[in-house]
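The values are calculated or read from the model by the stated rules, or taken from the named source; none is laboratory data. These numbers come from a predicted model, not from an experiment. Every residue, glycine among them, receives a Cβ derived from its backbone with ideal geometry; neighbour counts consider all protein chains shown. With ligands, DNA and RNA removed, areas are computed over all heavy atoms of the protein, side chains included. Shrake-Rupley method; radii C 1.70, N 1.55, O 1.52, S 1.80 Å.
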Amino acid sequence: MTLLHAHVYGGDGPQLVLLHGFGRSLADWSASAAQLTAGHRVLGVDLPGHGRSPDVSPWDLPAVLRCIEETLDAYGVPEAVVVGHSLGGLVAVEYARAYPDRVRAAVNLDGFWWRREYPGAEQVTEGLLASAGAVAPAGYIEQQITGSARFGVPADRAEAAARAAARPLPDGTWQTLPERAAALEIVDELHRLGAPGVTAWLDGVDRPLLLVQAGRRLPPAPGMEWFDEFSDRFAREVSDELAALSRTRPTISVERVDATHPMILETPEAVARLVAGFVRALPD
């Protein structure tokens, strides 16, 4: 049994389980969770190899989903609405597929991926893995705060999230998470999930799903024009598939948030309102 690190935010009402994105931690959810506890019981979970959770080897979905199941058992959570951002959104959908009796519904916040051969995917993968599992300099936290300011994230929230997502080392440097071996395995899993396209990927998931896209692209970075084109093209393709799915599958709801990809840090109140509204509308 591998129990993951979790945090009970409290509250009363329908049970929510919150999952974070790649290289992040449950601390990203702190502001949204504070809003959601007004009408829900809220539990945040660090995915394996992230935050304060132990690693699993190999990092593959059957192992990860089993860890989540065992952790929810340990916290007395027999059923929940599972809400995930980015990587956590993909995991939330897969948890609904694997354990439908334990999932009332799932929410995927901008957690979509592409096939390995998708034009530009190799460059994105290289960028994602370039610093994965690296030892970052002593000024790493300050760099993260500065970077988060581009999205309007308050410095205190950005600092808490950055500290929770990395491991401090005795010499003042920081070990970024997940470590390299796990990061490589996670990317392989992402490519496997993205290979069939969104429509085929969601085939067979019968729990109610809320699928959310970011309404705005990430701010342009010098020399990264190719990524702007990549993300715009992929977002349009996903949007087209989601629109078609929402017309043909009554269990699928589609929304857009006026935010960029790190929406749970950027606009936590809007995310909380969206999740709460979806849960209220679920059938008893």
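As a summary of the residue check, residue 220 satisfies the conditions (1) in contact with a helix residue (DSSP H, G or I) (Cβ under 7 Å, 6 or more places away or on another chain); (2) in contact (Cβ under 8 Å) with a residue 24 or more places away in the chain except for the one numbered (2). Look at (1) more than 14 Å from residue 83 (Cα to Cα); (2) surrounded by 12 or more Cβ atoms within 10 Å (Cβ to Cβ) and you find that residue 274 fails only one, number (1).
Scanning region 238-267 for residues that are farther than 21 Å from residue 20 by Cβ, polar (S, T, N, Q) and open to solvent by less than 60 Å² (accessible area, probe 1.4 Å) gives 239, 246, 251, 253. The residues in region 199-219 that are within 25 Å of residue 59 (Cα to Cα), open to solvent by 10 Å² or more (accessible area, probe 1.4 Å) and within 18 Å of the chain's Cα centre (by Cα) can be counted, and the count is 1. Does residue 193 satisfy the criteria of being in contact (Cβ under 8 Å) with a residue 24 or more places away in the chain and buried (at least 17 other Cβ atoms within 10 Å of the Cβ)? The answer is yes for residue 193.
What residue, among those in region 167-190 that are in a loop (DSSP other than H, G, I, E, B) and free of Cβ contacts under 8 Å to residues at least 60 places away in the same chain, is most open to solvent (accessible area, probe 1.4 Å)?
Per the stated criteria, the residue is 170.
Exactly one residue out of 17, 8, 45 is of a type in the set (A, V, I, L, M, F, W, C), touching a Leu at 6+ places or on another chain (Cβ under 7 Å) and surrounded by fewer than 20 Cβ atoms within 10 Å (Cβ to Cβ): that is 8. Taking the condition within 30 Å of residue 16 (Cα to Cα), among the acidic types (Asp, Glu), modelled with pLDDT of 95 or more and buried (at least 18 other Cβ atoms within 10 Å of the Cβ), does residue 110 pass? Spelling it out, residue 110 is indeed within 30 Å of residue 16 (Cα to Cα), among the acidic types (Asp, Glu), modelled with pLDDT of 95 or more and buried (at least 18 other Cβ atoms within 10 Å of the Cβ).
Residues in region 67-89 that are surrounded by fewer than 20 Cβ atoms within 10 Å (Cβ to Cβ) and without any contact (Cβ under 8 Å) to a residue 60 or more places away in the chain were compared, and the one that is nearest to residue 21 (Cα to Cα) is 69.
When the residues of region 122-160 are filtered to those that are touching a residue at least 40 places away in the same chain (Cβ under 8 Å) and in contact with a Lys or Arg (Cβ under 7 Å, 6 or more places away or on another chain), the one that is surrounded by the fewest Cβ atoms within 10 Å (Cβ to Cβ) is 133. How do the pairs read when you match residues in region 4-18 that are over 11 Å from residue 41 (Cα atoms) with residues anywhere that are basic (Lys, Arg) and assigned to a loop (DSSP other than H, G, I, E, B), using Cβ under 8 Å and keeping only pairs 6 or more apart or on different chains? Matching pairs, first to second residue: 5/52. Summed over region 48-66, residues that are in contact with a Pro (Cβ under 8 Å, 6 or more places away or on another chain) and open to solvent by 30 Å² or more (accessible area, probe 1.4 Å) total 2.
Scanning region 42-74 for residues that are of a type in the set (Lys, Arg) and in contact with an Asp or Glu (Cβ under 6 Å, 6 or more places away or on another chain) turns up just one, 52. Here residue 205 fulfils each of the conditions (1) out of contact with any Gly (no Cβ under 8 Å at 6 or more places or on another chain); (2) under 29 Å from residue 146 (Cβ atoms); (3) β-branched (Val, Ile, Thr) apart from (2).
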